[in-house]
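No value in this document is a laboratory result; all are computed from the given coordinates. Not measured: the values here are computed from a predicted model.
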């Protein structure tokens, strides 16, 4: 089930175009990591995808479910499950099962934690 779709997204800050031509689809249970050098627009893209930034954003962004935006969370660790990665984020400690349910990953009880 798709949670988010974006097509031909471009982001500008002042006179500077940070990125353009970004298209993606995120399904339930997927975890994505955005990589790139400082100042290329990673945080601006994530804020736009989450609906937190609209100025200077062009293209189509469709959100089919509420999103969990963690902003500068500790790096995602490939050796951990999606739930274990959520568990590493300090702001989510008291809401792990709710967050896991919202993004469609196995909960604490399903992983035997």
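Structural remarks
- Translational diffusion coefficient (Stokes-Einstein; Kirkwood radius from C-alpha pairs) of region 2-63 at 10 °C, 1.306 mPa s, in µm²/s: 133
- Region 2-63: relative contact order in percent, alpha carbon pairs under 8 Å with at least 6 residues between: 45
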